[in-house]
Amino acid sequence: RTYGLSRSVWLITSLSPGAGETMSKHSVRGGDVAGLLTRFAQLQEKARARTGQMFPIIAVQEAGLDGFWIHRVLESEGIESYVVDPASIAVSRRCRRAKTDKIDGEALVRTLLAYKRGEPRVCAMVRAPTPEEEDRRRLSRERKTLTAERVQHVNRIKGLLFAQGIGDYEPLHRDRRARLDALMTGDGRPLSVHLKAQISRELDRLELLLEQIKAVEAERDAVLIGAADHAPVQPPALLLRLKGVGSEAAALLWAEGLFRTFRNRRQVAAYAGLAPTPWKSGAVDREQGVSKAGNPRLRTTMIQLAWLWLRHQPASALSLWFQERVRRNGGRLRKPMLVALARKLLVALWKYATAGVALEGAVITQA
């Protein structure tokens, strides 16, 4: 069974034993879980009537805005459920390819059949996080959203004042209200009434954001401290011991990547989108850079953490490797080499946080 999800209608494409290769289409009202389960039961009963056997239900859906709650409902009902990454399914590369719900449903059924046959790389199934793992991500993601909004308000205030010849006002300073009252335009006039009122309202929103960011950070730190107290060998506790790894980086690494189980370092790099993508065909042999097909939050954090690692851990083996490679290239290619450092650092942190493998030459700030 496959099903396409929308707000109004859920489309079910099914392939049942005893019906040959014909796929049937059914629909239920969007959000009607009881109706979905009833339809599954009807299809299962029809297959039993045709073949005299009771077959299990295997369902697949595309990962999307609906998240994983439907997947969890199906699993709680004893249904074998899968969530597939839609970008991993091969499609026609014609300039204009047909795309309908019917075509998509049948493609999902064929992909599921190939996956169950054990065909490698036919698609990428998403590992559904537990509700606790999913909820743990919200702190770092909310902080990122609030920080982006803070930047927007700061830039807006600075832009309004710069148009009046004022370029030294800092909205994030504590004396922002007092300084606003004393500001003079470039031509020697006090701020106009409506401009000052507009900036005051921007400051109101900015101060609300600052309070919310503090609240989120306090909640994040409490979670990290609680995890460290509960089990000192947990990834957050180990990561916080490394010089240059702060609370935000440790929380994001834990919530976005290190909670998962990886088989090898290639899977770690691929999950972060830091795996290389070669292009080899005939006489062509070149490197396209990193895939960027993984978790963008984890990838961005690792690039930032790589810069911080060079600053705070200059004597570590990874920093020395980076410096040697840059020196060998005559000081060029620092950015590509930094991406390579981020990949190596992520693999090293994964080994350190999950297996306790120490990073060679790294400074430990806490016992």
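The values are calculated or read from the model by the stated rules, or taken from the named source; none is laboratory data. Here the structure is a predicted model, which is why all the values come from computation and not from measurement. Positions of Cβ are generated from backbone atoms using ideal geometry, with glycine treated the same way; all protein chains shown enter the neighbour counts. Remember, those area values only see protein heavy atoms, side chains included, never the ligands or the DNA or RNA. Shrake-Rupley method; radii C 1.70, N 1.55, O 1.52, S 1.80 Å.
How much mean residue ellipticity at 222 nm does the chain get from its helices, if each DSSP H run of length 4 or more adds -39500 (n - 2.57) and you divide by all residues, to the nearest 500 deg cm²/dmol?
Numbers: 13 runs with 191 residues, N = 367.
Helix contribution divided over all residues of the chain: -17000 deg cm²/dmol.
Give me the percent of accessible area attributable to carbon and sulfur for region 131-229, probe 1.4 angstrom.
Working: 3180 of 6160 Å².
Whole-percent figure for carbon plus sulfur exposure: 52.
Can you send over the carbon and sulfur percentage of the accessible area for region 2-126, probe radius 1.4 Å, protein chains only?
Numbers: 3960 of 7740 Å².
Carbon-and-sulfur percentage of accessible area, whole number: 51.
What's the FRET efficiency of residue 19 with residue 141 using the Cβ-Cβ distance as r and R₀ = 41 Å, to the nearest 0.05?
Taking R0 as 41 Å, the efficiency between residue 19 and residue 141 is 0.40.
Looking only at the chain, where both bridge partners belong to it, what percent of the DSSP beta bridges are antiparallel (to the nearest 5)?
Looking only at bridges with both residues in the chain, the antiparallel portion is about 75 percent.
What is the helix-to-structure angle for 193-230, meaning the angle in degrees between its Cα long axis and the longest Cα principal axis of the chain, kept from 0 to 90 and rounded to the nearest 10?
For 193-230 against the chain, the angle is about 60 degrees.
Please check the chain for the longest run free of GluC sites (Glu not before Pro) that are loop-located per DSSP (anything but H, G, I, E, B) and have at most 15 other Cβ atoms within 10 Å.
The reported range is 78-359.
How large a share of the accessible area of region 235-355, in percent, is made up of carbon and sulfur atoms when the probe is 1.4 Å and the other protein chains stay in place? Mind dumping the intermediate values first?
Numbers: 3260 of 6200 Å².
Carbon and sulfur atoms account for 53 percent of the accessible area of region 235-355.
Which order do 253, 359 take when ranked by solvent-accessible area (1.4 Å probe, heavy atoms of all protein chains), largest first? The partial results should precede the final answer.
On the way: 253 0, 359 20 Å².
Ranked list, largest accessible area first: 359, 253.
Counting heavy atoms of the protein chains only and a 1.4 Å probe, report the per residue accessible area for the chain as a whole number of Å².
Accessible area per residue, the chain: 59 Å².
Helix 317-328 sits at what angle to the longest principal axis of the chain, using alpha carbons and giving 0 to 90 degrees rounded to 10?
Between the helix axis and the principal axis of the chain, the angle is about 80 degrees.
Which aspartates and glutamates have a Cα less than 20 Å from the Cα of residue 196, not counting those fewer than 8 places away in the same chain?
168, 170, 175, 181, 187, 204, 207
Given H placed on each backbone N at 1.01 Å, which residues far from residue 12 in sequence or on other chains put an amide H within less than 5 Å of it?
Result for residue 12 returns 4, 26, 27, 28.
With a cap of 10 neighbouring Cβ atoms within 10 Å, and only residues DSSP puts in a loop, list the trypsin sites (Lys or Arg not before Pro) found in region 1-77.
On the way: sites: 1, 7, 25, 29, 39, 46, 48, 50, 72; in loops: 1, 7.
Loop-located and lightly packed - 7.
Can you tell me the Rg and Dmax of region 235-355, counting just the alpha carbons, in angstroms?
Both quantities, over Cα of region 235-355: 14.8, 49 Å.
Are any of the pairs 243/292; 158/292; 243/335; 280/344; 99/335 more than 31 Å apart by Cα-Cα distance, and if so, which?
Correct reply: 158/292; 99/335.
Debye calculation, C-alpha points only, no solvent: report log10 I(q)/I(0) for region 2-126 at q = 0.12, 0.13, 0.17, 0.19 Å⁻¹, in the same order as the q values.
Scattering profile of region 2-126, log10 relative to I(0): -0.45, -0.53, -0.93, -1.16.
Obtain the radius of gyration and the Kirkwood radius of the chain from its C-alpha atoms and give Rg over Rh.
On the Cα set of the chain, Rg over Rh gives 1.07.
Tilt of helix 138-162 relative to the longest C-alpha principal axis of the chain, in degrees (0 to 90, nearest 10)?
40
To the nearest 20 Debye, how big is the dipole of the chain about its Cα centre, given +1 on the beta carbon of each Lys and Arg and -1 on that of each Asp and Glu?
1480
Describe numerically, in nm with one decimal, the distance between label points set 7 Å from Cα along Cα→Cβ at residue 285 and at residue 225.
It works out to 5.7 nm between the two label points.
Provide 55, 68, 322 ordered by accessible surface of protein heavy atoms (probe 1.4 Å), highest first. Before the final figure, lay out the partial values.
Details: 55 65, 68 35, 322 5 Å².
Descending order: 55, 68, 322.
GNM, the chain, Cα, under 10 Å: largest mean-square fluctuation among 153, 26, 194?
194
Using 1/(1 + (r/R0)^6) with R0 = 51 angstrom and r between the beta carbons of residue 130 and residue 187, what's the FRET efficiency to the nearest 0.05?
0.25
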